[in-house]
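The values are calculated or read from the model by the stated rules, or taken from the named source; none is laboratory data. Keep in mind it's a predicted model, so treat the numbers as computed, not measured. Positions of Cβ are backbone-derived with ideal geometry, glycine not excepted, and every protein chain shown enters the neighbour counts. What goes into the accessible areas is simple: the full protein's heavy atoms, side chains included, and nothing from ligands, DNA or RNA. Shrake-Rupley method; radii C 1.70, N 1.55, O 1.52, S 1.80 Å.
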Amino acid sequence: MVLLLFGLAVVCVALAGLYTNHYLFVGPLGEGLPDISPTDFQLVLAFQLTAGLCVVWSFALVALATPGVASRLLGLWERLTASDAAVRAAGVAVLALAAVYTAARFAFNIETIHAPLQSFTDGTALLPFQYRALVPWLVRGLTEAVPALARTDVRVLYAPFEFAAALGVYAAFAYLLRVLGWTASGARLAALGVFVPLAFNLAAPWRYNNVFFPYDTPSVAFFTLGLALLLNGKLPAYYALFVLATLNRETTCFLTMAYVALSVGRERPARIAAHVAAQTALWGAVKVGLLALYAANQPLDLQTGGLFSEMVGRNARILVSLPGIVYILFVTMGGLAGAAVLLWHRVRDARVRRLTWIALPFLAGMAVVGELMEVRIYSEFIPLVAASLAFAVRSVVAEAAISARSVEHPRSALAACAP
């Protein structure tokens, strides 16, 4: 595993060097990454950073698997989770992290000419962007309730909602870990780590097509909470969330797939079919309502009527190129998505393993309607990647710590291994 990560680091360094010299990878590797000329600096930075992260993840994995280090880390974790002061400090830390994340989102991301924030608020953005209407509706309602705010910079109006969404991601992920069996204090501390993939995927300036959309961070919060409610069996709350989240972004259809992944083999087929039909009907009703409401808006893609932009040909060229594959897998979430794939076999929780399979239909769908180079489209998978890594790291550290104890105290090690 460590050698593989080091090998990927070497590949990323090579790709960064080649892009520095404007090499387009034309030939047996495929057409390469699109729009290379205006985004050279982003691609070079992305590959250089990913190379560095692969090295960091390699050393981290070695450290975690070293018995002495793992034993001390496990002791530190037990002390932290037992400390009320540490848990209270996590509450302060999350406010600071959410504020920094929000500032980075506005500082390092640009507004697209197809859907500037003011057009979202006015309801005049090009389709399909305007269909993601929840946050623009909230901002518009705020300006109508307090007319003086209408003269405020539109970014200032959206900032509180972005900050609240970042806090929502943390709270939802902590709740998800609790549902998956973590202690309350352990979940609150571990959930701080969700800001790492969140920031890499949605706030980092070196991403390809680093555009700010007001629905991205709320989408992560909604998707995370939806997964937690499904796992906890709270279907009435889940259905209410499902409608609200669909107003924010249509990727809630993958929550339905998550329900199927969790239910197959555990519930009666008739019950599964009924819930799938109900969720599909709700999703369709919301989409039809939005289609009617914004029927007069200009579509971005005339061929699809603004429902989506057909990206099959462009994505096919990316997927047959080595740099395209490396970029998607190991730049997404700062390389953590690739690390989660490599450590998937260490995830012991069957529910998390089941949920990760929805990545396959998600990628198939995005290959048609999304731009695979635009890593922000994978953000719904941040909770699954973060949860997978949390379980994988816990497994690696626990096994190494048991190994250390088996040398120092053979009997206690045997007791630790007992069910």
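Could you give the nm distance between label points at V62 and T152, where each point is 7 Å from its Cα heading toward the beta carbon?
Each label point is offset 7 Å from its Cα along the Cβ direction, giving 5.1 nm.
Please compute the modelled spin-label separation between A82 and Y239, points set 7 Å along Cα→Cβ, answer in nm with one decimal.
So the label points at Y239 and A82 sit 4.6 nm apart.
Principal axis lengths of the stretch 239-381 from Cα atoms, whole Å, largest first?
Cα extents, longest axis first: 46, 41, 21 Å.
From the gyration tensor of the Cα coordinates in the stretch 351-402, what semi-axes in whole Å does the equivalent ellipsoid have, largest first, with each one equal to sqrt(5λ)?
Equivalent ellipsoid semi-axes, largest first: 29, 11, 7 Å.
Name the residues whose placed amide hydrogens come within less than 5 Å of the amide hydrogen of L127, ignoring near sequence neighbours (fewer than 5 apart) on the same chain.
Q298, L300
Under the Karplus relation 6.51 cos²θ - 1.76 cosθ + 1.60, θ = phi - 60°, what is the ordered set of whole-Hz ³J(HN,Hα) values for the stretch 171-184, x standing for Gly and Pro?
These are the phi-based 3J(HN,Hα) values: 4, 5, 6, 4, 5, 4, 5, 4, 4, 7, x, 6, 5, 4 Hz.
Which peptide among 148-154, 387-393 comes first, and what is the full order, when sorted by highest mean count of other Cβ atoms within 10 Å?
Descending mean neighbour count gives 387-393, 148-154.
Percentage of Cα-Cα pair distances in the stretch 199-322 greater than 19 Å, rounded to whole percent?
Above the 19 Å cut-off, the stretch 199-322 has 61 percent of its Cα pairs.
What is the Cα radius of gyration of the stretch 109-263 over 2.2 N^0.38 Å, N being its residue count?
Ratio of Rg to 2.2 N^0.38 Å for the stretch 109-263: 1.11.
Calculated FRET efficiency, A277 and V211, Cβ-Cβ r, R0 51 Å, to nearest 0.05?
Computed FRET efficiency for A277 and V211 comes out at 0.90.
Convert each backbone phi in the stretch 205-220 into a coupling constant with the Karplus relation 6.51 cos²θ - 1.76 cosθ + 1.60 (shift: θ = phi - 60°), then list the ³J(HN,Hα) values in order as whole Hz, x for Gly and Pro.
x, 8, 5, 5, 6, 7, 9, 8, 10, x, 9, 5, 5, x, 4, 5
So what is the accessible area of the stretch 96-183 per residue, in Å², with the probe set to 1.4 Å?
Result: 44 Å² per residue.
Suppose the chain between V69 and L360 were pulled fully straight at 0.36 nm per residue; how much longer would it get relative to their current alpha carbon spacing?
Values: separation 291, 0.36 × 291 = 104.76 nm, distance 3.62 nm.
Net length gain for the segment: 101.1 nm.
Could you order peptides 270-279, 346-355 by the average number of other Cβ atoms within 10 Å of their residues, highest first? Before the final figure, lay out each step's value.
Details: 270-279: 13.7, 346-355: 16.5.
Most protected by this proxy first, the peptides run 346-355, 270-279.
From the Cα gyration tensor of the stretch 166-244, with a ≥ b ≥ c the square roots of its eigenvalues, which class applies: rounded if a/c is under 1.5, or else prolate if a/b is larger than b/c, or else oblate? Display every interim value, and only then the final one.
Values: a/c = 3.26, a/b = 1.39, b/c = 2.35.
Note, shape of the stretch 166-244 comes out oblate.
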